[in-house]
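For reference, the structure discussed in these notes is given below.
The values are calculated or read from the model by the stated rules, or taken from the named source; none is laboratory data. Bear in mind that the values here come from a model prediction, so they are computed numbers and not experimental data. Here the Cβ positions follow ideal geometry from the backbone for every residue, glycine too, while neighbour counts run over all protein chains shown. Keep in mind that these areas ignore ligands, DNA and RNA; they rest on the heavy atoms of the full protein, side chains included. Shrake-Rupley method; radii C 1.70, N 1.55, O 1.52, S 1.80 Å.
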Amino acid sequence: MSSNADTAEPSPAPQDSTAERMLRELFSRSSFEPQSRPATPSSPRALEETKPPPDVSNGSVEDWQAWCEQFRGSAEDELKRKRGTTLPDLAADQAMHGSRSPVYPAGRSTVPGNENVPAFFQDFPAVGERQMQLYTFCRPEAGQTPNPSDRNQWVSFEVYGDICKAYSDNTFTHGHQGTNSLLGYPNSGREDAVKTRPPFLDDPMVKAFRDARVAAGKPDAVPFQEFQNGYLADLGGKVQAFSKEGKPLGTAWPGGDMTAKAPQDPGGVQGPTGPYGTTGPLNGDTSFGNATVQMGTSASHGGAVTSLNYGGMQYINNKDHGRQMQVAFSLDGYDEALMPTEAGSNRNKSDPISTTQVVGYGAQPGSMTSTVHPAYWLEPGEEAGEYNSEPYARNETLVSEDLITKDVTVGVGGHDNVIQYDSHIQLAAPHDKIYAEVPTTYVNGEFKNHYRFDPATGETREYPRIHSEPPKDGEVRKGFPDEGGNVPLIVATEGGTHAMAIWSPDEDRADLQYRLHQFDLGNPEDDCTKLGVTFGMSENVPSDLKTRTYVIVGTVEEVKARLAELYSQNPTGVERKWPEDVRPS
């Protein structure tokens with residue numbers, strides 16, 4: 001559906017058949033530019049005077065253009081009429097009455113019986129980023145023969161906004177954009193699904209979008225457009241294609257693929273878009289993600305995750321080397337006095353250097369991996385602090401012989417806002433006890449609210465803030481006030497526009513909890529919220545410990561919908577223990 005008639009035809013792949021190559025030629029080069037128009041009379045000819053439409057398996061550009069030529073005059077008249085109307089959307093209306101491209105024939109319909117009915121379109125504006133398109137084609141009533149001179153047989157539709165961008169995105173449509181896509185021709189203008197109730201209205205993604213709109217005080221509406229073979233729904237910054245039966249077609253635009261197989265489990269990685277998947281100049285520097293979620297790790301913090309950006313907001317707090325999104329674990333009941341920490345040590349403070357030794361690392365477009373010898377949180381002989389069980393560090397070296405390996409993938413299960421975090425702890429020596437955070441994540445102070453959500457039942461409970469300040473002068477206690485429980489945890493900004501949920505399919509492991517701290521430290525840069533997947537073992541600690549965790553970002557309702565979907569694909573059946581069930585009496 002390119003509006004550039006001079007675009008070079010791509011070289012066919014060796015495995016393409018002759019018919020497939022011819023089809024591509026027909027669709028990529030057909031246009032009514034003067035230099036390529038066939039020598040035919042300037043006035044449209046009657047349909048019965050033409051030869052039959054070309055055989056697609058043995059056609060040519062000239063045959064296709066000769067067939068289309070008889071429709072062209074009527075198509076231009078219909079597009080002129082359409083341009084004289086007023087569209088309800090102001091931006092689309094202004095675009096339609098501005099600069100426009102020449103009239104081009106679109107590819108043939110993908111609906112059986114309509115293959116030889118050409119559609120015609122214009123881009124708006126003529127150059128620059130496409131904002132809108134007009135389509136027109138001859139659509140006779142059932143039983144009628146197409147007659148291009150009959151004005152009553154012509155229909156026209158505008159396609160604009162994000163739906164237009166998705167419909168004309170060559171990547172999203174897998175090389176068959178617009179009318180050549182599996183959706184075919186437009187069958188309607190922009191509509192509201194809440195009013196017309198198409199079959200995709202009960203889809204979890206659509207439900208989450210509606211809930212988020214209502215929560216934000218906006219009208220309950222789902223803009224969509226119907227096409228011959230399905231629908232495109234505008235879900236506020238992303239567009240999802242649905243079949244006529246209401247089933248998702250592939251993954252959402254941007255960054256998705258309309259022709260991708262529907263995800264069946266949280267394993268298929270959605271192909272990212274944009275300049276992601278790079279390694280930096282130092283060991284541990286990476287950038288990875290997709291158009292929705294961008295993540296990064298830093299050599300200055302042992303290759304730990306130091307950046308997670310969604311919706312224009314940075315989630316990760318990096319005040320010192322004990323924050324970030326990282327794996328840490330304490331051994332033999334010594335708390336911080338014997339605690340390998342991925343990002344670095346206490347004395348690294350806010351300096352751009354880490355005591356952790358990066359063994360290996362790498363990045364691909366949607367993922368990264370790293371292996372490190374983690375620094376001990378305390379240096380040998382360093383005072384541990386009165387809230388620890390030991391007064392001084394128990395380790396005798398700066399760096400542990402243990403290994404931490406992580407694999408982080410953005411965009412799994414067909415959703416670009418779902419992050420899979422696989423951690424692997426390899427202990428170099430036997431230990432009697434371990435308490436592991438796999439991972440722990442410190443997010444910035446804006447994440448003030450928190451909820452517990454049972455993905456099996458949909459029950460949600462909101463809880464008051466947990467004040468996790470250090471001990472006051474003269475106060476003796478171990479650790480910081482926190483909140484536990486094995487009900488998945490969600491933290492969010494006020495209003496719920498930005499949220500993070502955590503859940504592990506390994507939650508049937510003994511003592512696995514979703515733990516929360518919230519620190520009010522009197523300085524906006526210091527204030528933060530800590531959420532993590534934790535577990536403890538007091539005997540038979542294996543030398544290899546692997547844990548999978550899912551981190552989901554989005555609005556509160558979006559992360560609930562994704563979490564429920566993940567759980568339905570990997571049900572654990574655990575008995576839920578809410579914070580009030582595990583809180584000390």
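Of all residues in the stretch 301-327, exactly one satisfies the criterion of being under 10 Å from residue 377 (Cα atoms) and surrounded by 24 or more Cβ atoms within 10 Å (Cβ to Cβ), namely 321.
Residue by residue through the stretch 385-415, note down the ones that are at pLDDT 95 or above and in contact with a helix residue (DSSP H, G or I) (Cβ under 6 Å, 6 or more places away or on another chain). Within the stretch 385-415, 393, 394, 395 qualify. Total residues in the stretch 376-397 satisfying the condition of being within 15 Å of residue 470 (Cβ to Cβ), open to solvent by 30 Å² or more (accessible area, probe 1.4 Å) and among the polar types (S, T, N, Q): the figure is 0.
Checking each residue in the stretch 277-300 for being farther than 16 Å from residue 315 by Cβ, open to solvent by less than 30 Å² (accessible area, probe 1.4 Å) and part of a strand (DSSP E or B) picks out only 286.
Evaluating residue 482 against the criteria (1) under 20 Å from residue 438 (Cα atoms); (2) among the charged types (D, E, K, R); (3) modelled with pLDDT of 95 or more leaves one unmet condition, (3).
Within the stretch 419-458, if we keep just the residues that are of a type in the set (S, T, N, Q) and over 25 Å from residue 496 (Cα atoms), the residue that is least open to solvent (accessible area, probe 1.4 Å) turns out to be 423. Within the stretch 430-451, the residues that satisfy the criterion of being hydroxyl-bearing (Ser, Thr, Tyr), in contact with a Ser or Thr (Cβ under 8 Å, 6 or more places away or on another chain) and within 21 Å of residue 321 (Cα to Cα) are 435, 440, 442. Residues being within 21 Å of residue 116 (Cα to Cα) and either in contact with a Gly (Cβ under 8 Å, 6 or more places away or on another chain) or at pLDDT 85 or above (or both) are entirely absent from the stretch 191-210. The residues listed here are 151, 108, 100, 81; of these, the one that is out of contact with any His (no Cβ under 6 Å at 6 or more places or on another chain), among the basic types (Lys, Arg), at negative phi and at pLDDT below 85 is 108. Among the candidates 407, 416, 351, which residue alone is of a type outside the set (Val, Ile, Thr), under 26 Å from the mean Cα position of the chain (by Cα) and open to solvent by 50 Å² or more (accessible area, probe 1.4 Å)? Within the list 407, 416, 351, the selection yields 407.
One line per residue, one yes/no per condition, for (1) modelled with pLDDT of 95 or more; (2) open to solvent by 30 Å² or more (accessible area, probe 1.4 Å):
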{"site": "495", "(1), (2)": "no, yes"}
{"site": "508", "(1), (2)": "no, yes"}
{"site": "511", "(1), (2)": "no, yes"}
{"site": "527", "(1), (2)": "no, yes"}
{"site": "534", "(1), (2)": "yes, no"}
{"site": "566", "(1), (2)": "no, no"}
{"site": "571", "(1), (2)": "no, yes"}
{"site": "582", "(1), (2)": "no, yes"}
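Within the stretch 249-296, the set of residues being within 19 Å of residue 558 (Cβ to Cβ), among the hydroxyl-bearing types (Ser, Thr, Tyr) and at pLDDT 85 or above comprises just one member, 292.
The set of residues in the stretch 322-363 that are of a type in the set (Ser, Thr, Tyr) and part of a strand (DSSP E or B) comprises 330, 341, 361. Scanning the stretch 402-445 for residues that are in a loop (DSSP other than H, G, I, E, B) and closer than 20 Å to residue 482 by Cβ returns 433, 445.
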